[in-house]
Amino acid sequence: MEASAYAPTLRLLHWLVATLVLSVWPLGFMIKFVRDEVKLDFYMLHESLGFIVLWLMLVRIGARLTSCAPSALTDGIERHVANVVHVLLYLFLIVMPLSGFLATNAHGFPLHWFNLVPIWSPIGKAPEIAPVFSAIHEWSSWILLGLFALHIAGVIFHHVIRRDGTLYRIL
């Protein structure tokens, strides 16, 4: 079966988001291990890049809804699992940066995007709900890591075992 490719916009957004997430996740994880003198710089970079992920995902959802996706190369349970993993990836790629943004605001640290542009906070300082947003953000990061592992397992399965053109659709 021949594999048709995703639209160039969707491919570009896929790889931009993937690159950013693979940068933002380790930065967030490392924050607790860095010296106090540079901790705020790590937070700023982590939050600023995460904010880009949030907006790129919103654009990506819009592009996905207005573009025709290539027809699936699988049927049955494989197709269902792939659809569920993709929906959950999209969901958590929104939930994770949004909860992080709201958590830092609720803790009293409004986002100054790359120390250049102040970003309006929809909630302001709210210490009573800050731990909830922080917990959602942390759990989302681990769930997203698990979904990423499933996604990569699917890529390997299709490329190495089935040897179909699934990978080439997004390259």
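For the stretch 69-89, give me each residue that is open to solvent by 60 Å² or more (accessible area, probe 1.4 Å) and over 22 Å from the mean Cα position of the chain (by Cα).
Ser71, Asp75, Ile77, Glu78
Can you pull out the residues in the stretch 2-13 that are open to solvent by 30 Å² or more (accessible area, probe 1.4 Å) and either in a helix (DSSP H, G or I) or in contact with an Asp or Glu (Cβ under 7 Å, 6 or more places away or on another chain) (or both)?
Of everything in the stretch 2-13, those that are open to solvent by 30 Å² or more (accessible area, probe 1.4 Å) and either in a helix (DSSP H, G or I) or in contact with an Asp or Glu (Cβ under 7 Å, 6 or more places away or on another chain) (or both) turn out to be Ala3, Pro8, Thr9, Arg11, Leu12.
Taking Tyr6 as the residue in question, decide whether it is at pLDDT below 90 and over 18 Å from Trp142 (Cβ atoms).
Considered against the rule, which asks whether it is at pLDDT below 90 and over 18 Å from Trp142 (Cβ atoms), Tyr6 comes out as yes.
For Val21, state whether it is of a type in the set (Val, Ile, Thr), in a helix (DSSP H, G or I), open to solvent by less than 30 Å² (accessible area, probe 1.4 Å) and within 22 Å of Glu138 (Cβ to Cβ).
yes
Across the stretch 27-38, which residue is nearest to Leu144 (Cα to Cα) among those that are open to solvent by 50 Å² or more (accessible area, probe 1.4 Å) and assigned to a helix (DSSP H, G or I)?
Phe29
Condition first: open to solvent by 40 Å² or more (accessible area, probe 1.4 Å) and over 22 Å from the mean Cα position of the chain (by Cα). Now tell me which residues in the stretch 122-154 satisfy that.
Within the stretch 122-154, Ile123, Lys125, Pro127, Glu128, Ile129 qualify.
Spot the failing condition for Phe157; the list is (1) open to solvent by less than 90 Å² (accessible area, probe 1.4 Å); (2) part of a loop (DSSP other than H, G, I, E, B), and only one is missed.
Exception for Phe157: condition (2).
Can we say Asn105 is within 27 Å of Trp15 (Cβ to Cβ), more than 13 Å from the chain's Cα centre (by Cα) and among the polar types (S, T, N, Q)?
Against the criterion (within 27 Å of Trp15 (Cβ to Cβ), more than 13 Å from the chain's Cα centre (by Cα) and among the polar types (S, T, N, Q)), Asn105 does not qualify.
The values are calculated or read from the model by the stated rules, or taken from the named source; none is laboratory data. Note that the coordinates shown come from a computational prediction; the quantities given were computed from them, not determined experimentally. Glycine also receives a Cβ, built like all others from the backbone with ideal geometry; neighbour counts cover every protein chain displayed. The area values use the complete protein model at the heavy-atom level, side chains included, leaving out ligands, DNA and RNA. Shrake-Rupley method; radii C 1.70, N 1.55, O 1.52, S 1.80 Å.
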